[in-house]
Amino acid sequence: MAVKEMTPHDADSLLEVEQTFGDRLRYLGRLLWRDKSGMIGLLMFLTVVFAAVFAPVVSTYPPLEQNLRDSKQPPAWYAEGSWDHPFGTDNLGRDIYSRVIYGARVSLTVGFFGVMIAGTLGLLIGSIAGFSGGRTDSTIMGVINLILALPYLLFVVFIAAILGRSLINVILIFGITDSPIFARVTRGEVLRMRQSGYVESAIAAGAKTPRIIFDHIMPNLIGPLITLATFEMSAMIFYEAGLGFLGLSVPPSVPSWGNMLAAGRGYLTTAPWLSPFPGLALVWTAVGLNLLGDWLRDVLDPRLRRSRK
Amino acid sequence: MGKILEVKNLVTKFYTSDGVVNAINGVSFDLEEGETLGIVGESGSGKSVTMMSVLRLIPSPPGKIEEGEAIFTSFGASHDLLTLDETAMRDVRGGQIGMVFQDPISTLNPIMTIGEQISETITRHLRVSNDEARQQTIKLLTQVGIPDPELRYKSYPFQFSGGMRQRVVIAIAIACSPQIIIADEPTTALDVTIQAQIVDLFKRLSEALNAAVIWITHDLGVVAGIAERVLVMYGGRIAEIALVDDLYEHPQHPYTVGLLGALPKLDEEETKRLVSIRGAPPDLLIPLKHCPFSWRCDYAFERCWEEIPPQIKVGPRHEVSCFYDLEKGGPRDV
Amino acid sequence: MSENNILVAVDNLKKYFPITGGMWGRQVGTVKAVDGVTFAIQAGETLGLVGESGCGKSTTGRAILLLHEPTSGRVTFDGEDLTKLSSSEVRKLRPKMQMIFQDPYASLNPRHNVGKIVGEPLVINGVMKKGSQEYKDKVAELLKLVGLDPGYVRRFPHEFSGGQRQRIGIARALSLHPSFIVCDEPISALDVSIQAQVVNLLQDLQEQMGLTYLFIAHDLSMVKHISHRIAVMYLGRLMELAGRIELFEDPLHPYTQSLNSAVPVPNPRLERQRKSFILKGDPPSPANPPPGCVFHTRCPLAINECTTRVPEFREMRPGHFVACHLADEAGSSKIPEQTVLASVVD
């Protein structure tokens, strides 16, 4: 009866096929190797994660240790500098290198948990809007557009003024104010998938709603949301530094990149090395995350992979 | 009648991140003045890429025309379109060679009125005043069967149905009285009744203009009605080229035979089983050293797995790329 | 064919879609996608449903399977009125009626492997436990049935060609042993040589498993090839329904006649001799269908009555239904041979 489809050429062209989970990882690895910018992005981001996790080991001084005698020492490559403090010291004699390392902790914590909260909230709200449709959908989307239209910074200043300065508050503020973006993307994807052939096919096979959500829609949401999370994390790390610079983020004693930038501002003429290092750390992290996000966007969509005949 | 277009040994490749796609692997054919040539093939056969290469419309990168010539003879002068400088080529495209594509939406500019788009083509290629161009545009719109042309001059593409848009595209293609019109699947996106309108329009226009037409399609039915000669493409090569009656009545390539057998006949009484071609077309990423149809062919013998068959002349204006002689029932002596 | 042989009966089926506009989604109009369609399908037969894009043929198929809730009318499957059943009762019936989709690229979840796609209906309906030997055997058997190598189970849809994907879709539809399958343009996305493979497969399966098909397509020649009877749809209504040979040799409705003559025949000699009637203009929008007979705006024979009164879908001859005021035994609804209608040009 039916014709056998395999040919010698099919067999050849199917060599690169993903059979097991290990194969898929290897395939991803190959894609990463082929896309050099994704590789660089991943490496850049991993250095930041490494610094944050192993901060006590990597750093040379406790970040809060003051040593007024050594204050405002220039970096090692200045004539007066020493390798004791490779990036120099600040006005209170704290080691800048160690503070930059510890600063990664604040930034990554804010970025990671902020994105987690924003993502969870956004996923929830967006799914409700996308699934229910009709009046509920238009109402939710109306509110979301309203929030997105509010001057962001004003909103943050207002909340920070009420809730006070702490790491948790910063994370909560970012989590809440950033969730509309995740909600919008989720809703769009849900709407698109609800009309997709495979969801219709699942309904035709007798699937109930929970199955359709958890088996067909959620797994397909992961790709776009992880990509978005990468970009949003980079944005949050920047915003946190901005807030820190304005004195609205974590208390000044905490070594965060934003706080260090703010503190260095006063000494730009006398000790110009105070601000560049936290600034460079910020740029490094943001560039790494953005390169990684670009690569993830391409890789996480199975439809973009080469189709084989 | 002279030859207006001669394509010789065309080779086009695409350099993608997945590897080199061997899209066109040595294609040679010619086109007579005023003749309608149908190019038939399935997706990936290279039928569109062939014409895009001739018009030098291959996106590059990744595409690259590696070899070949496309001699275009117009008013006694011959040029190789593949080596012509870009300015001269722009004059040829839309001037001496008109083009109609499958999707009129992407061909037309959504923010320009259709009248402006047609007269723009006219003023770009011919030396006429804006007023004359407008007059000519309205004449063209009448010619392609758009009612109330004066009124429709000011309409935007979105205000037209698919069939009407395709008529506008045809008006642009014929605006400068081209010697060749290349139509790439012009009716594929349209319904049958609209397809019939467009096919009919095309036949009458090409006759009135005495233009040669290259009609690219996957539909063997449409080609039977419109073409005088048919070229069958497979795997980036020509499988067979013949006069239309010859091709449908005495196909010489097993692929052509298979394609015709795969079609249901509207005139048949009893439901016969369709003849299907087994397997799938070649993966163009793999360069072949033998016939690209060999593993789907019932007649393949050793030679088919060893060399690539050349275009063999088997009759007046009938060429086939196959080592097996279907009529004799054995290998050809070549 | 006796009455009690009927597997699926559709009675005055309507499906209207609201057109919403404005910020709060007010309804500003209605698309009458299916507007009163009546037909029946015998067990074991293939009913072809043809029409141009936007005529409501796909919506009809989906409304029969309750993938679109019908606006009104009845759908009877195996004697049971589906429109009266609760959603859980409908789910229990789903295994019996399946669908093969037009787009083999969109209808397979890109994140599921072939084994999961084909076996999912079995798991959903609790027929077999996922991962059991019985389940694995069944999936392998289904793949073999549609001509695919069972070794493909771990591969993903994007690794297959269009024809192979359509086979995967067919295997999935067959997994629950349905008696009725709606084939929604299953071959229009495929190349000619692959189309024949899929059509042959569908015919083989029908023979082996006694399947009943509703075969929806815009390609008349393929519909004629595979169907026993054919229904012609235009702008949400049925125009004509007859046996496959009769519909082609003696079509009564002017629309069927012009559709027939518009289909290109892969035979150059025949093509040259053929007189074709070319319809004028475009089909009207289903959001704003013309009054009376929906075809009267393009019909070469339309009379006054056609613009005001909707023609009844009546049985002119045994088994030959037509919705045309002019249709009679004398052939008043036939487009005269010499009237080669020119398109809008002249």
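The values are calculated or read from the model by the stated rules, or taken from the named source; none is laboratory data. Computed from a prediction, not measured in an experiment: that's the story for all the values here. Cβ atoms come from the backbone with ideal geometry, glycine included; neighbour counts cover every protein chain shown.
The residues of the range C:212-262 that are more than 16 Å from the chain's Cα centre (by Cα) and surrounded by fewer than 24 Cβ atoms within 10 Å (Cβ to Cβ), listed by number, are C:I245, C:E246, C:F248, C:E249, C:D250, C:Q257, C:N260, C:S261, C:A262. Scan the range B:144-190 for residues that are among the acidic types (D, E) and in a helix (DSSP H, G or I) and the total you get is 1. The requirement of being in contact with a Pro (Cβ under 8 Å, 6 or more places away or on another chain) and within 26 Å of B:R90 (Cα to Cα) is not satisfied by B:A183. Counted as qualifying within the range C:228-346 are no helices (runs of 4 or more DSSP H), as none has 3 or more residues that are within 12 Å of another protein chain (Cβ to nearest Cβ), β-branched (V, I, T) and farther than 30 Å from B:K272 by Cβ.
Restricting the first member to the range A:170-190 and to residues that are touching a residue at least 12 places away in the same chain (Cβ under 8 Å), and the second to residues that are among the charged types (D, E, K, R), the beta-carbon pairs closer than 7 Å and six or more apart or on different chains are A:V170/A:E240; A:D178/A:E232; A:I181/A:E232. Considering the range C:110-129, the residues that are buried (at least 24 other Cβ atoms within 10 Å of the Cβ) and either more than 7 Å from chain A (Cβ to nearest Cβ) or modelled with pLDDT under 90 (or both) include one that is farthest from C:T76 (Cα to Cα), namely C:V114.
Residue-level check: of (1) under 26 Å from B:A224 (Cα atoms); (2) touching a strand residue (DSSP E or B) at 6+ places or on another chain (Cβ under 7 Å); (3) among the aromatic types (F, W, Y), B:F301 misses just (1). Within the range B:125-144, the set of residues being surrounded by 19 or more Cβ atoms within 10 Å (Cβ to Cβ) and within 14 Å of chain C (Cβ to nearest Cβ) comprises B:L140, B:L141, B:Q143, B:V144. The residue that is surrounded by the fewest Cβ atoms within 10 Å (Cβ to Cβ), counting only those in the range C:71-90 that are in contact (Cβ under 8 Å) with a residue 24 or more places away in the chain and under 20 Å from A:S201 (Cβ atoms), is C:V90.
Checked across the range B:93-103, the condition of being without any contact (Cβ under 8 Å) to a residue 40 or more places away in the chain, assigned to a strand (DSSP E or B), out of contact with any Cys (no Cβ under 8 Å at 6 or more places or on another chain) and farther than 24 Å from B:I226 by Cα holds for no residue.
Among strands (runs of 3 or more DSSP E) entirely within the range B:192-259, having at least 3 residues that are of a type in the set (V, I, T) singles out B:212-217.
For the range B:210-233, the criterion of being surrounded by fewer than 24 Cβ atoms within 10 Å (Cβ to Cβ), more than 7 Å from chain C (Cβ to nearest Cβ), closer than 22 Å to B:E327 by Cα and not hydroxyl-bearing (S, T, Y) is met by at least one residue. The range B:2-44 holds strands (runs of 3 or more DSSP E) entirely within its bounds, and those carrying 2 or more residues that are within 28 Å of B:L263 (Cβ to Cβ) and within 16 Å of the chain's Cα centre (by Cα) map to B:19-32, B:36-40.
The residues of the range B:306-323 that are over 23 Å from B:R229 (Cβ atoms) and either more than 27 Å from the chain's Cα centre (by Cα) or surrounded by fewer than 12 Cβ atoms within 10 Å (Cβ to Cβ) (or both), listed by number, are B:E306, B:E307.
For the range B:202-227, a tally of residues being under 13 Å from the mean Cα position of the chain (by Cα), closer than 15 Å to B:S177 by Cα and either small (G, A, S) or modelled with pLDDT under 90 (or both) returns 1. On the basis of being touching a Ser or Thr at 6+ places or on another chain (Cβ under 9 Å), more than 14 Å from C:E45 (Cβ to Cβ) and at pLDDT 95 or above, does C:V198 make the cut? Against the criterion (touching a Ser or Thr at 6+ places or on another chain (Cβ under 9 Å), more than 14 Å from C:E45 (Cβ to Cβ) and at pLDDT 95 or above), C:V198 does not qualify.
Does A:L296 satisfy the criteria of being within 30 Å of C:K116 (Cα to Cα) and within 14 Å of chain C (Cβ to nearest Cβ)? Outline the logic, then answer.
Values: within 30 Å of C:K116 (Cα to Cα): yes; within 14 Å of chain C (Cβ to nearest Cβ): no.
Considered against the rule, which asks whether it is within 30 Å of C:K116 (Cα to Cα) and within 14 Å of chain C (Cβ to nearest Cβ), A:L296 comes out as no.
Residue under question is B:A196, and the condition is that it be facing chain C (nearest Cβ under 9 Å) and crowded, with 23+ Cβ neighbours inside 10 Å; does it hold? Walk me through how you get there before you give the answer.
On the way: facing chain C (nearest Cβ under 9 Å): yes; crowded, with 23+ Cβ neighbours inside 10 Å: yes.
Judged against the criteria, B:A196 is a match.
Scan the range C:11-61 for residues that are assigned to a helix (DSSP H, G or I) and either without any contact (Cβ under 8 Å) to a residue 60 or more places away in the chain or of a type in the set (V, I, T) (or both) and report the count.
Our first condition is that a residue be assigned to a helix (DSSP H, G or I); within the range C:11-61, this holds for C:57-61.
Subset that is either without any contact (Cβ under 8 Å) to a residue 60 or more places away in the chain or of a type in the set (V, I, T) (or both): C:59-60.
Residues in the range C:11-61 being assigned to a helix (DSSP H, G or I) and either without any contact (Cβ under 8 Å) to a residue 60 or more places away in the chain or of a type in the set (V, I, T) (or both): 2 in total.
Selection over the range B:181-193 of residues that are touching a Gly at 6+ places or on another chain (Cβ under 8 Å), surrounded by fewer than 24 Cβ atoms within 10 Å (Cβ to Cβ) and more than 12 Å from every other protein chain (Cβ to nearest Cβ) gives a count of 1. Listed by first and then second residue, the pairs linking a residue in the range B:250-274 that is within 9 Å of chain C (Cβ to nearest Cβ) to a residue that is at pLDDT 90 or above and part of a loop (DSSP other than H, G, I, E, B), with Cβ atoms under 7 Å apart and 6 or more places separating them unless they lie on different chains, are B:Y255/B:F293; B:L260/B:P251.
Applying the criterion of at least 2 residues that are touching a residue at least 60 places away in the same chain (Cβ under 8 Å) to the helices (runs of 4 or more DSSP H) found wholly in the range C:100-179 leaves C:162-174. Could you go through the range A:177-192 and let me know if any residue there is closer than 14 Å to A:V115 by Cβ, surrounded by fewer than 23 Cβ atoms within 10 Å (Cβ to Cβ) and at pLDDT below 90. Within the range A:177-192, one or more residues are closer than 14 Å to A:V115 by Cβ, surrounded by fewer than 23 Cβ atoms within 10 Å (Cβ to Cβ) and at pLDDT below 90.
Are any residues in the range A:174-209 touching an Asp or Glu at 6+ places or on another chain (Cβ under 8 Å) and part of a loop (DSSP other than H, G, I, E, B), and if so, which ones? First the steps, then the outcome.
As a first pass, look at the range A:174-209 and keep what is touching an Asp or Glu at 6+ places or on another chain (Cβ under 8 Å): A:174, A:178, A:181-182, A:187, A:197, A:202, A:205, A:207.
A:A205, A:A207 - these are the residues of the range A:174-209 that are touching an Asp or Glu at 6+ places or on another chain (Cβ under 8 Å) and part of a loop (DSSP other than H, G, I, E, B).
Every listed requirement among (1) out of contact with any Leu (no Cβ under 6 Å at 6 or more places or on another chain); (2) of a type in the set (V, I, T); (3) over 26 Å from B:D30 (Cα atoms) is met by B:T193 save one, (1).
The set of residues in the range B:102-124 that are crowded, with 18+ Cβ neighbours inside 10 Å and closer than 30 Å to B:D30 by Cβ comprises B:Q102, B:P104, B:T107, B:T121, B:I122. Considering (1) closer than 27 Å to C:I226 by Cα; (2) among the hydrophobic types (A, V, I, L, M, F, W, C); (3) in contact with an Asp or Glu (Cβ under 8 Å, 6 or more places away or on another chain); (4) not assigned by TED's automatic domain parsing to the domain that holds C:A63, the lone condition that C:L142 does not fulfil carries the number (3).
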